[in-house]
1. Please sort 114-125, 146-157 by packing, taking for each peptide the average over its residues of neighbouring beta carbons within 10 angstrom, highest first.
2. I'd like the accessible area for residue 73: 1.4 Å probe, protein heavy atoms, all chains in place, Å² to the nearest 10.
3. Over segment 1-118, what percent of the accessible surface lies on carbon and sulfur atoms, probe 1.4 Å?
4. Please work out the average accessible area per residue across segment 1-43, using the 1.4 Å probe convention, and give it in Å².
5. Counting only the heavy atoms of the protein chains, how much of residue 50 is accessible to a 1.4 Å probe, in Å² to the nearest 10?
6. What dipole magnitude, in Debye to the nearest 20, does segment 92-171 give about its Cα centre under +1 on Lys/Arg Cβ and -1 on Asp/Glu Cβ?
7. Sorted by accessible area with a 1.4 angstrom probe, largest first, how do 98, 241 fall?
8. Would you mind classifying segment 27-104 by shape? Square roots of the alpha carbon gyration tensor eigenvalues, ordered a ≥ b ≥ c; an a/c under 1.5 is rounded, otherwise it is prolate if a/b is larger than b/c and oblate if not.
Amino acid sequence: MIELIRENKFEELKEVLKNSEHPRVHYFLAEILNGKEVEIKDESFLPPQYQTEFLEGLQLYKALEQSSIGTDSLRKFSNLLVHLSFIMSSYIHVLSDEAMSQGVYLTDLGHIKEYKLNPEIRGRIQEFIDLLKTKSGEEKAIANLASAKAKISSSIGNILEKYEIGDDMLQFAQYFENVGEIEIAIRIHQGIMNDFECDSVKLSSGLIPEMSHVDDRPEEEIEVFNKAKMHYERLTGHEIEEPNRVHVKDSPAAQNLAEIDSSQNENIHNPEEQKKTSDYKSTPAEKPEAMASPYPPGTRQNTESKAGFLEKLKRIFRKN
C-alpha cells in the first residue's frame, strides 16, 4: 500500500483497500479516496484494535502527506486519526484505572490481549503532533492529540520519569491555550506547580516564611516547575512568591537531611515487609486517602510522590 501511495496509484490502492479484511482504517481511507463523507463514531473501531489501527493509519498518513492526494482528503484522514487517538487514549486510561484498582500496573498486564499496551504509541502520537504543526488550521487537532498523549503518559507513569509526564502536561497546556482554553491551561499549570514543588515546601506549614527548605529535585523536574510557574504568572498576571530553597547540590547539610529523609521513607515502605502481609498483585494496596500513592510501596515513584500528580491528571481528564 505504501508503494502504491508513493507512486500515486490511487485507483490500484482503492482496490487493495477494498479487499483488505483488516484493519478498519483501510476501509475508511477507501471511503475518503472515493469522495465519500466519513462519520467516525466511538464504535467505528474495536477497542482492542485501537493501537494497531492508529499505528497503521499513521504510516499511511505519512506516505499520503508526500503524495499528490488532495488537501481535503488528507485533512479528512488526519481528522479520523485524531479522533481515533482520542478514543484510544480514553480507553487506555480506563484500562489503567481498572488495573490499578486490582493493585497492578497496566504495563504488568501485557500477557492479556485486551490489556496489552504498546509503549510506542506515546512517541507516535508526538510524531503526529509534529507533522501537523507544519500545517495551518490544525490547532484544535493538535490540542486533542496533546491531550491524548498526556492521558496515555498518566496511564503508564511507572515506566516513565516524572519529568516526562510533566513535559507532556506542559505541552497539553500550551496547545489548549492556543485554542483559547485559557482556564484549562491555567489549571494544568497550577497542578504542575503543586506536584513539582519540592517535598519540604509541600510539607511545610508556611508559618515561618524565612525558613529554608531542602530541595532534592532533579534538574529536569525543577525545569518543569519553572516553566509551569512562568506560564501561570503570564496567564493570570499574578506573581507567585518563591519560598527559600536550598538545593542538595549546593549544601552538604541539605544533602544530609535529604539522605536521612530518604532512609526513613525506605524503612517505612519496605517492599519485603509489604509481601508478608499481602500479595500486591492480587490485593489492591491500602490507600488511606484519595491522594495516596497507587505505586507499590518502596518504589522510587512512591517516595517521590509521583502518585498525587497522576491522580490530579486523572481528575483533569475526567473534566474534559
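The values are calculated or read from the model by the stated rules, or taken from the named source; none is laboratory data. What you see is a predicted model; the values in this text were computed from it and never measured. When we count neighbours, we look across all protein chains shown, and the Cβ atoms used for this are built from the backbone with ideal geometry, even at glycine. The area values use the complete protein model at the heavy-atom level, side chains included, leaving out ligands, DNA and RNA. Shrake-Rupley method; radii C 1.70, N 1.55, O 1.52, S 1.80 Å.
1. Working: 114-125: 16.4, 146-157: 24.2.
Peptide ranking by packing, descending: 146-157, 114-125.
2. About 30 Å², ignoring ligands and nucleic acids.
3. Numbers: 2940 of 6110 Å².
Percent of accessible area from carbon and sulfur atoms in segment 1-118: 48.
4. On the way: 2950 Å² over 43 residues.
Dividing the accessible area of segment 1-43 by its residue count gives 69 Å².
5. Its accessible surface works out to 20 Å², give or take rounding.
6. Values: 10 positive and 13 negative charges, 39 e Å.
Result for segment 92-171 is approximately 180 debye, rounded to the nearest 20.
7. Working: 98 80, 241 160 Å².
Sorted by accessible area, descending: 241, 98.
8. Here segment 27-104 falls in the prolate category.
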